[in-house]
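J.: The structure follows.
Read the figures in this text as sums done on the coordinates, not as results from a lab. Note that the structure is predicted; figures quoted are calculated from it, not measured. When we count neighbours, we look across all protein chains shown, and the Cβ atoms used for this are built from the backbone with ideal geometry, even at glycine.
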Amino acid sequence: MMARLTFIWEMTRRDFVERFAGSVLGTLWVVIWPLVNMFVYIVIFGKFMGARLPGSSNMSAYGVYLAVGLIPWISFSSTVSRSSNVFLEKKGIITKINTSLPSLLVFINFSEAITFVVSMAVVFLILLFTGASLSWFILYLPIVYYIQQIFALALGLIAACLTVFVRDVREVVGVLLQLWFWFTPIIYVLDIVPEFAQKIMIFNPMLPIISSYHNIFIYHSSPQLIQLCVVAFAFHVLLVLSFIMFRYLEKDIRDFL
């Protein structure tokens, strides 16, 4: 167990080292990018373009709405996208070291979680600096993120298994994530969508997740707990099914690699 945890931590550390290899500022870019994004969201959209969140006169409200929806989505989509290709990408390690293949997906989750924490820390600091209020509902944040990443882990494992046999899967994953993004109310408010579209969008499993972030930061209210519990249960079931699928295909995956 300790050996596996050590392996996951080492892979996570190497992921950051390789990501910023040759960079003068190195891992400082993990902080710089959220700062730049928040500047764009709040200053460009809110101040210059005059974008407003319906029902709010606060010029920075729409920028915060964008940030607290986009940052979790980027973490989710990056986890799924990177996981879909991880078995092929780490083929050299898999063929040389007898390691648990799901550990490779766990390190991606850890890496994306660190980036998420840093990005949200920047959001907190900017909100405090601008005098925005934060409610105790922020305590729900780790729970919502955990549920989200369980979903990402399950989808990533399924995609990773299939990509070994059909390389086009990783491209399909990228296309689906792009379409999924626009089908999720991240840069727009659900209320402005036509009623017939809203009836379809309620089946989007990421809707309760993104809405929870908006409730916590924008509306200072609790996430919709019933919906959140439903998707949490469904995501854990999907994770179990994805591991069953992996166990069934593991020998073939290793042979194909």
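J.: Just to be sure I understand: if I project the alpha-carbon convex hull of the range 147-192 onto a plane and average over all orientations, what area do I get in nm²?
T.: Across all orientations, the range 147-192 yields a mean hull projection of 3.8 nm².
J.: Along the three principal axes, how long is the range 56-256 when you take its alpha carbons, biggest first, rounded to the nearest angstrom?
T.: 59, 39, 27
J.: I need the shape label for the range 147-257. Rule: rounded when a/c is under 1.5, else prolate if a/b > b/c, else oblate, with a, b, c from the alpha carbon gyration tensor.
T.: Cα axes put the range 147-257 in the prolate bin.
J.: Based on the Cβ-Cβ distance of residue 98 and residue 167, what FRET efficiency does E = 1/(1 + (r/R0)^6) give at R0 = 30 Å, to the nearest 0.05?
T.: Calculated value: 0.75.
J.: Same structure, new question: Based on the mean of other beta carbon atoms within 10 Å per residue, what is the order of 197-206, 237-246, 157-166, 116-125, most packed first? All intermediate terms of the calculation are to be shown ahead of the outcome.
T.: Values: 197-206: 13.2, 237-246: 15.0, 157-166: 20.3, 116-125: 17.5.
Ranking the peptides 197-206, 237-246, 157-166, 116-125 by packing returns 157-166, 116-125, 237-246, 197-206.
J.: Next up: Give the aspartates and glutamates reachable from residue 91 as a straight Cα distance under 19 Å; neighbours fewer than 8 places away on the same chain don't count.
T.: 10, 15, 18, 168, 171, 250, 252, 255
J.: Another question about this same structure. Mean shadow of the range 82-150, computed from the convex hull of its alpha carbons, in nm²?
T.: Quarter of the Cα hull surface area: 5.8 nm².
J.: Output ³J(HN,Hα) for the range 211-221: one whole-Hz value per residue in order, computed from phi by the Karplus curve 6.51 cos²θ - 1.76 cosθ + 1.60 with θ = phi - 60°, and x for Gly and Pro.
T.: Listing the rounded values in order: 4, 5, 4, 5, 4, 5, 8, 9, 9, 6, 9 Hz.
J.: Which of the aspartates and glutamates could a cross-linker span from residue 199 if the Cα-Cα distance has to be under 13 Å and same-chain partners fewer than 8 positions apart are dropped?
T.: 191
J.: Let me ask something else about it. When ranked by the protection proxy of mean other Cβ atoms within 10 Å per residue, highest first, what sequence do the peptides 171-179, 101-109 form?
T.: Taking the mean over residues of other Cβ atoms within 10 Å, the ranking is 101-109, 171-179.
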